[in-house]
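A quick write-up on the structure given underneath.
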Amino acid sequence: MNNVRKDKFILEKIGLAKISFVQKLETKNKDPYLNGKLKLFKSNISQEFKIWENDGLENFLKEFEDNNNSYFKIKYIESSFNNNSYLSIKNFQPMTSEEIDKSFGKELKEKQDKILSRLDNVLVGNVSNKGRDFIKEFWAKNQDIYSKFIKEYAAKGMHDASPVGLLHHTTKMIEVLQLTMKQQSNFNLNQDGIDLIYIGLFLHDIGKIREYEEGVPTNLAKVTHRALGIEIIVLNRDLILEYYLEDWYYELIAIINQHHGVYEERPHSIFSYLVHLVDMYDTHITALNENIIANKENNTVRVIDRDIPILEKNPVYFDFK
């Protein structure tokens, strides 16, 4: 029975959706369908969706790809297959610009303001006046990068795959770092070292503003966000050297290049290793929570740990409101 597609609720639901990714696939019987990711209005997670041939597959694909529409009013059914939950879209209609501004636009601004306030609280309490002046001048010089940084997705689907996801992921990491630094007496770092770990973490994923465009990989994704991030830092070398030593500049490059750890370039610096640990923590914890929510009707959840792919989830311990 686990291999049988099932709809959890017969009644269709109505919602507003921001589509981030769509691909056309085929079932084992060669029946075409669309598979992708979306975020419902007022939801904090990205969810998988499917559209079947009889539900307007080609029309949806035309709206998304040819007409560049990514915001839709949808009717959907919550479904599952092999204990993987997804939304089965039965009907859809592109949203108007006014509808987008009143819903997702307003939601986006409110979310940005709240997260930026949290981020500022940590930086003000830990980064030196010199470091905060550098951050201000860096963003002033790179306003196009800043405008994308505060609204871009953090990933296509693994975690924080929604608008403002990159800013949210970075802020959660900064908060975890603050607790870690307090517990470990700042690892005996001096103020330039403290500035380096906070600012390095702040900018570790900066390349994602060129790797993604509203969560969709760009033609530069082949370079990886690590290389794209290093490019941004190199272009700002002179500015960095106005504030810090040349080695500080290279440590910053090491953080951006090595924060994926064993999955990419291994850390060769204390700073890049520490950012890697915090990054892995937030990525795994966030993905776990998102998968618990997405699979609230199932008894198992999939996680991104390569050695632990599936976990049991007893519904008696959860209360989804």
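General observations
- Filter pass, Ala155 being farther than 20 Å from Gly200 by Cα, under 20 Å from the mean Cα position of the chain (by Cα) and either touching a residue at least 12 places away in the same chain (Cβ under 8 Å) or surrounded by 14 or more Cβ atoms within 10 Å (Cβ to Cβ) (or both): no
- Filter result for Glu251 (charged (D, E, K, R), assigned to a helix (DSSP H, G or I) and free of Cβ contacts under 8 Å to residues at least 60 places away in the same chain): yes
- Every condition in (1) crowded, with 16+ Cβ neighbours inside 10 Å; (2) on the phi < 0 side of the Ramachandran plot is met by Val262 except one, and the failing one is (1).
- Scan of the stretch 203-246 for residues that are assigned to a helix (DSSP H, G or I), crowded, with 23+ Cβ neighbours inside 10 Å and of a type in the set (Gly, Ala, Ser), ordered by number: Gly229
- Total residues in the stretch 204-228, condition in contact with a Leu (Cβ under 7 Å, 6 or more places away or on another chain), among the hydrophobic types (A, V, I, L, M, F, W, C) and in contact (Cβ under 8 Å) with a residue 12 or more places away in the chain: 1
- Hey, Thr218 in contact with an Asp or Glu (Cβ under 9 Å, 6 or more places away or on another chain), of a type in the set (S, T, N, Q) and closer than 24 Å to Gly125 by Cβ or not: no
- Selected residue (criterion: nearest to the chain's Cα centre (by Cα)) from residues of the stretch 128-152 that are charged (D, E, K, R) and either part of a helix (DSSP H, G or I) or under 19 Å from Leu252 (Cβ atoms) (or both): Lys148
Laboratory data are not the source of any read-out in this text; all were calculated from the coordinates shown. This structure is a prediction, so every number in the text was calculated from the model and none was measured. Ideal geometry is used to build each Cβ from the backbone, glycine not excepted, and the neighbour counts take in all protein chains shown.
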